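Novice: Before I ask anything, here is the structure I am working with.
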Amino acid sequence: MNADKFFETHSIEEISKKTKISPISLRFIRNREFEKLPRVKFIGFINILQKTYKVDLKDLIEEYNQFNPHKNISVKEIETKSSKNSTFFLSIAAFVLLLLGGYLFYSYMKNNNSNQTTSQIHITSEVNVTQKNENNTSNNLARNINIIKSNENNLTKQNFKTHIKTKSKKATIYNIKIIPNQKVWFRAINIDTNKSIEYLTSLPKTLPKGNYYIKFGHGNLTIIYNDQNITPDTKKIVRILFKDGNYTYMKKPNRYEK
């Protein structure tokens, strides 16, 4: 899988969440803005992407080498750096675990000896307290049973009313399916959760259920929403609000895009 296919298959937000690489740096890599990425960062980011997704991005490395002919990067160099870093961090982790194990063993032995003495002192007092508590519990049990029965009857009535109200207020949430007829970019903001996703793709995408504000770039596409086929004129930037089964074309500025 080459770099273009990789970024078509996975969104910037998804990759950033999984690899902890910032969305800005991922866009620099995707858009080949190599002048904005220092050599050390580029090496590290490519290595993380290849190991996380089991993908070969040697085409990006070759393009970076062409852009920076005096600072060529090889796959072997990336793997060597990764191996050295892994060995170093594993050594540190093993040392820390050894210290932690010793400390926990010492604390356990110390607390165990202390608890044996303390438990012997408290056994007699706990027996007396338990006897008193058993008497009090018996007296309170009868009262609590009556209270619980009364509360159950009240809760049953209240829950029934709440269920009826909730069922009547529940709105239908529709899927949004985007079918590009050519490669197209879009950014969708879920206005219910304020989460956004972004794609540059020529593959069909179905968004998770919810209400959305979507900004489309140039490209020919079809949108299926609430059994409606929508074909916006994307020769220019298009902004559409999909809410409660209806859609509205928006202009900038608006409260969903700052």
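The values are calculated or read from the model by the stated rules, or taken from the named source; none is laboratory data. This structure is a prediction, so every number in the text was calculated from the model and none was measured. Cβ: placed from backbone, ideal geometry, glycine included. Neighbour counts: every protein chain shown.
Novice: Taking into account only those residues within segment 50-62 that are in contact (Cβ under 8 Å) with a residue 40 or more places away in the chain and assigned to a helix (DSSP H, G or I), which is farthest from Tyr199 (Cα to Cα)?
Specialist: Once the filter is applied, the top-ranked residue is Asp59.
Quick grid of which residues meet (1) modelled with pLDDT of 90 or more; (2) on the phi < 0 side of the Ramachandran plot; (3) surrounded by 15 or more Cβ atoms within 10 Å (Cβ to Cβ); (4) touching a helix residue (DSSP H, G or I) at 6+ places or on another chain (Cβ under 8 Å):
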residue: Ile176; (1), (2), (3), (4): yes, yes, yes, no
residue: Asn190; (1), (2), (3), (4): yes, yes, yes, no
residue: Thr231; (1), (2), (3), (4): yes, yes, no, no
residue: Lys236; (1), (2), (3), (4): no, yes, no, no
residue: Asn254; (1), (2), (3), (4): no, yes, no, no
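Novice: Another question, then. Within segment 26-48, identify whether any single residue is in a loop (DSSP other than H, G, I, E, B) and of a type in the set (Val, Ile, Thr), and answer yes or no.
Specialist: Among the residues of segment 26-48, not one is in a loop (DSSP other than H, G, I, E, B) and of a type in the set (Val, Ile, Thr), which makes the answer no.
Novice: Here are some conditions: (1) within 25 Å of the chain's Cα centre (by Cα); (2) modelled with pLDDT under 90; (3) in a loop (DSSP other than H, G, I, E, B). Gly210 meets all but one. Which one does it not meet?
Specialist: Condition not satisfied by Gly210: (2).
Novice: Right, another one. Please tell me if Lys17 is charged (D, E, K, R) and either at pLDDT 95 or above or not in a helix (DSSP H, G or I) (or both).
Specialist: Spelling it out, Lys17 is indeed charged (D, E, K, R) and either at pLDDT 95 or above or not in a helix (DSSP H, G or I) (or both).
Novice: Return the residue satisfying two criteria in turn: it lies in segment 3-34 and is more than 15 Å from Ser202 (Cα to Cα) and among the polar types (S, T, N, Q), and of such residues it is surrounded by the most Cβ atoms within 10 Å (Cβ to Cβ).
Specialist: Here the residue is Ser25.
Novice: Separate question: Considering only residues that are touching a residue at least 40 places away in the same chain (Cβ under 8 Å) and of a type in the set (Ser, Thr, Tyr), look in segment 205-226 and name the one that is nearest to Lys195 (Cα to Cα).
Specialist: Residue satisfying both the conditions and the ranking: Tyr213.
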